[in-house]
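Below is one structure, written out as C-alpha cells; the observations come after it.
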Amino acid sequence: MNIYDIESPEDIQGLSVSELKELAAEIRNFLIESIAKTGGHLSSNLGVVELSLAMHYVFRSPIDKLIFDVGHQSYVHKILTGRINDFKTLRQFKGMSGFQKRRESIHDVWEAGHSSTSLSAALGMAIARDLRGETHQVAALIGDGALSSGMSMEALNQIGSEGRNMVIIFNDNNMSISQNVGAMDEAFTKLRTSKPYNNLKHDVSDMLSQSKAGNNLLKGMRQLKNTLKENVVDTSIFGEFNLDYIGPVDGHDLRMLIKVLEIARKHKGPIVVHVITKKGKGYSFAEEDKEGIWHGVSSFDPKSGKTLAQMPPQHASWSEVIAEALIEAAKQDERILALTPAMISGSKLNKFFSMFPERSFDCGIAEEHCVTLAAALAQSGMRPFVSVYSSFMQRAYDQIQQDAARMDLPVVFGIDRCGLVGEDGETHHGVFDISMLRAIPNMILSQPKDSREAQALLKTAFVQNHPFAIRYPRGSVKFQLDHDIQAIPIGSWTIHEATSEDRIVLITYGSDVDKMIAKAEVNQLPVSVVNARFFKPLDEQMMQYIAQKQCPIIIYESDILIGGLSSAILEYYNDHHLDVDVKRIGIQDHFVQHGSLPQLRKSEHIDINSVFQLITELLCD
C-alpha cells in the first residue's frame, strides 16, 4: 500500500504482516526525508513506527481513544489518519502542529505538549465511558521518562484503585530527551534485562500461536498472566499499583505487537503492555545519539546528518552563554550547583556536568522535586542554579512560591526558552512566567539585553540572598566570555536618550532594546529607549524621571500583557498618582499558535514595524 493512499486507519486493517512491514519501511523513509526539510521531532517518531501501526491495526480509532503522551511522537499516527499531505506544513505558521491537535482530526482526542498527562487523561475518558454505558477501549502510549514522573505515579495509583478497562502502552527506549535517571529507571533496566526477558518473547509467541480460532482470548490472558507471575519477578513495579502486565515485547516486531495488543484490548481491567523500542530506529545518526541531539531537529541533510541551520560567527545560544557564565562562577565558588529536570543537553549544561559531576543533578522529568531540592540545598548553605524551560517551569509554581520564595532562599532560576519559541507552538511559548513570578513576594525577576548583561545578572544573582530568576530566549546572541564581569544594582534600569528633549519614551527589555535603539538612530527619531532589565523590583527612580518628561510612553513587551511589565508600570503610576500617557504593545489574552518568530511577531502585532508605526503616529499628532 502507498502511504499517500491512506485516508483513515481502516485502510490498513486488511493488510498482512508482511505488507505492514513494507508500509513501516516506507513511513520511516518518509519521516526522515520530510523532517529533514521542515524540522521536527525525529528520533521519537522513528522509534514508534511499528508500534503506531500495531495500535491502529488493533484499536478502532476514533471509537477507541488513543492518547500519545506529550504528542511529539504522533507523526505516524497523523500519517495513518490521513494527514500525510500536510507534512510539508509541519510546525509552520498556520500549518500542521507537531503535536496532537483536536482541530486537525477526530482521531486526536487529547492535546499535550508536556509529558505525563496521558494516564490521567486516559482514566478520565475511561470513567466517562463507563458512566455513559459505552464499551470502547482507551489506550495511552507513554515513555519510560514520562512514566517515572510524579504525575504519572499519581495517575497509576488511582488507575489501579479504579480498576477500569484501559491499556497503558509503556514505550521503553531508555531515553526521554536525554538519558533517564533515578531509581525508577534502574527498576526498568532490571525489568528489561532480567533473565526471563531472554525467553519471554519465545514463551509468549508459543502460547499465542497455539491458540485456535474461536478460543477465548481472556482464557489465554489468564494463562499468560500466570506464566508471567511465575517467571518475571520484576512485574511487581506495576503489580504494586494493582495493574496487570505483559512484557517486555519487541516494539519493532509487528506480528508480536499485534497479538499482544489484541489480548490487551480484550482484557478486563487496567493492563500495562511493556514495549521495548529503539529511539531513532532506522536512521543511524539518530540511533547512536545519546545526548538528545536528534530528539528535536531543525532542517538537515539526511545523507550526512549535518544541520542546515548556521549560527552567525562569534555567536552562541543564550543557553550556552548562561552555561559558560555558570562554569566561571562555579570555579570561584564551590557552593554553586546546577540542577535541571531532564534538560542537560537542551540547557547546554553538558560541560558543567562533566566538569563538576559532584555538583550536578539531573532530576528527571520532575520539575516540582527539582525546585524543592534546590530550595533545601539553598537552606543548607549551597547556591543552587536551576535551569528550566519557561513552559516547564509552570509545573513547579507551587514549589517556587512555597519552598523557595516563602522561605526567601537564594535559589537562582535560569528560565530558558522565555518568550515566543516558534514552531513548537502553544504548549511551549514561554510568555507567562513574568506574570506568574512577579506576584510572588521576595522574587527578583530579570532579563538581559545582551550576553554581557546576562553574565552580569548571573554574577548579581549569586552575590545576593533572595530567589532570583533570569529569563533568556531561544536563539543566539553575540558572545564573549568576560572574566571581570561586575554585579548590577538590583532593580536598576538604563536609558538611552538620543537628545535631551526626546518626545517619546519607549520602555522594553531583552534583545529588543538594542534593536529599538538602532532603528531609532537610523531614522533620527526623538525617542528615548529604556532597558527595563528588572521586572521586579522596578526602577522607581527611573519611572519618576520618565514621568517628569511629560511625553507619551510606549511599553513594548514580547510576552503576555496581563500581569507583565506594562501592568507593573501602570500599577506604580496609579498608586503614586502620576498622570502619564501610556501605550502598551504585547500579546493579548490568547494562546499563540506555532510558526516562525517573524511570522508570529507580525501576526501578534509585536514586530518592530508595528512599534515604529505607533511611534510615527504619535510623533505626527
Against the definition (of a type in the set (S, T, N, Q), modelled with pLDDT under 65, in the same structural domain as residue 73 (by TED's automatic domain parsing) and more than 22 Å from residue 251 (Cα to Cα)), how does residue 180 come out, yes or no? no
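Can you say whether residue 491 is in contact with a helix residue (DSSP H, G or I) (Cβ under 9 Å, 6 or more places away or on another chain), among the small types (Gly, Ala, Ser) and in contact (Cβ under 8 Å) with a residue 12 or more places away in the chain, as far as the supplied structure shows?
yes
Here's a check for you: in segment 429-445, which residue that is surrounded by 22 or more Cβ atoms within 10 Å (Cβ to Cβ) and in contact with a Gly (Cβ under 9 Å, 6 or more places away or on another chain) is farthest from residue 461 (Cα to Cα)? Outline the logic, then answer.
Applying the first criterion (surrounded by 22 or more Cβ atoms within 10 Å (Cβ to Cβ)) to segment 429-445 yields 429-431, 433-434, 437, 443-445.
Pick out the ones that are also in contact with a Gly (Cβ under 9 Å, 6 or more places away or on another chain) and you get 429-431, 434, 444.
Numbers: 429: 25, 430: 21, 431: 22, 434: 17, 444: 9 Å.
Looking at the filtered set, the residue picked out is 429.
Only one of these is of a type in the set (Gly, Ala, Ser) and within 21 Å of residue 461 (Cα to Cα): 342, 323, 316. Name it.
Numbers: 342 fails: within 21 Å of residue 461 (Cα to Cα); 316 fails: within 21 Å of residue 461 (Cα to Cα).
The unique qualifying residue is 323.
Take residue 30 and decide whether it is within 21 Å of residue 295 (Cα to Cα), surrounded by fewer than 22 Cβ atoms within 10 Å (Cβ to Cβ) and assigned by TED's automatic domain parsing to the domain that holds residue 107. Spell out how you get there, then give the answer.
Working: within 21 Å of residue 295 (Cα to Cα): yes; surrounded by fewer than 22 Cβ atoms within 10 Å (Cβ to Cβ): yes; assigned by TED's automatic domain parsing to the domain that holds residue 107: yes.
Spelling it out, residue 30 is indeed within 21 Å of residue 295 (Cα to Cα), surrounded by fewer than 22 Cβ atoms within 10 Å (Cβ to Cβ) and assigned by TED's automatic domain parsing to the domain that holds residue 107.
Restricting to segment 74-99, count the residues that are assigned to a loop (DSSP other than H, G, I, E, B), charged (D, E, K, R) and under 20 Å from residue 426 (Cα atoms).
2
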Do we have residue 10 as surrounded by fewer than 20 Cβ atoms within 10 Å (Cβ to Cβ) and outside any loop (DSSP other than H, G, I, E, B) here? yes
Counting only residues in segment 130-146 that are in contact (Cβ under 8 Å) with a residue 12 or more places away in the chain and assigned to a helix (DSSP H, G or I), the one surrounded by the most Cβ atoms within 10 Å (Cβ to Cβ) is identified as 145
Helices (runs of 4 or more DSSP H) wholly inside segment 302-411 that include at least 1 residues being closer than 30 Å to residue 32 by Cα and either among the hydrophobic types (A, V, I, L, M, F, W, C) or modelled with pLDDT under 95 (or both): 318-332, 390-393
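To keep it simple, each residue is scored yes or no on (1) within 25 Å of residue 500 (Cα to Cα); (2) out of contact with any helix residue (DSSP H, G or I) (no Cβ under 7 Å at 6 or more places or on another chain); (3) crowded, with 17+ Cβ neighbours inside 10 Å.
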| position | (1), (2), (3) |
| --- | --- |
| 553 | yes, no, yes |
| 559 | no, no, yes |
| 562 | no, no, no |
| 588 | no, yes, no |
| 591 | no, no, no |
| 606 | no, yes, yes |
| 615 | yes, yes, yes |
| 620 | yes, yes, no |
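Might you let me know whether segment 459-474 holds any residue that is in contact (Cβ under 8 Å) with a residue 40 or more places away in the chain and closer than 23 Å to residue 582 by Cα?
Step one: of segment 459-474, the residues in contact (Cβ under 8 Å) with a residue 40 or more places away in the chain are 459, 461-462, 464-474.
From what's left, closer than 23 Å to residue 582 by Cα: none.
The answer is no; no qualifying residue exists.
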When residue 426 is evaluated against the numbered criteria (1) within 30 Å of residue 97 (Cα to Cα); (2) surrounded by fewer than 21 Cβ atoms within 10 Å (Cβ to Cβ); (3) of a type outside the set (S, T, N, Q); (4) over 15 Å from the mean Cα position of the chain (by Cα), which criterion, by number, is the only one it fails? (4)
When residue 549 is evaluated against the numbered criteria (1) modelled with pLDDT of 95 or more; (2) in contact with a strand residue (DSSP E or B) (Cβ under 9 Å, 6 or more places away or on another chain), which criterion, by number, is the only one it fails? (1)
Looking at segment 104-129, I want the residues that are within 20 Å of residue 90 (Cβ to Cβ) and surrounded by fewer than 19 Cβ atoms within 10 Å (Cβ to Cβ) and have a partner that is at pLDDT 95 or above and aliphatic (A, V, I, L, M) with Cβ atoms under 8 Å, at least 6 apart or on another chain. Which pairs are those? 104/96
Can you find even one residue in segment 484-502 that is touching a strand residue (DSSP E or B) at 6+ places or on another chain (Cβ under 6 Å), on the phi < 0 side of the Ramachandran plot, acidic (Asp, Glu) and surrounded by fewer than 22 Cβ atoms within 10 Å (Cβ to Cβ)? yes
From 52, 61, which residue is at pLDDT 95 or above, outside any helix (DSSP H, G or I), polar (S, T, N, Q) and closer than 25 Å to residue 142 by Cβ? 61
Among the residues listed as 328, 324, 240, 334, the single one being in contact with a helix residue (DSSP H, G or I) (Cβ under 9 Å, 6 or more places away or on another chain) and not assigned by TED's automatic domain parsing to the domain that holds residue 458: 240
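Could you tell me which of the residues 279, 259 is assigned to a helix (DSSP H, G or I), under 23 Å from residue 18 (Cα atoms), among the charged types (D, E, K, R) and touching a residue at least 24 places away in the same chain (Cβ under 8 Å)? Show your work before the answer.
Working: 279 fails: assigned to a helix (DSSP H, G or I).
Exactly one residue qualifies, and that residue is 259.
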Could you grab me the full set of residues in segment 92-103 that are in contact (Cβ under 8 Å) with a residue 40 or more places away in the chain and either surrounded by 23 or more Cβ atoms within 10 Å (Cβ to Cβ) or not assigned by TED's automatic domain parsing to the domain that holds residue 9 (or both)? 97, 98, 99
Consider segment 347-361. How many of its residues are surrounded by fewer than 20 Cβ atoms within 10 Å (Cβ to Cβ) and touching a residue at least 40 places away in the same chain (Cβ under 8 Å)? 1
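The values are calculated or read from the model by the stated rules, or taken from the named source; none is laboratory data. This structure is a prediction, so every number in the text was calculated from the model and none was measured. Heads up, the Cβs are rebuilt from the backbone with ideal geometry, glycines too, and the neighbour counts pull from every protein chain shown.
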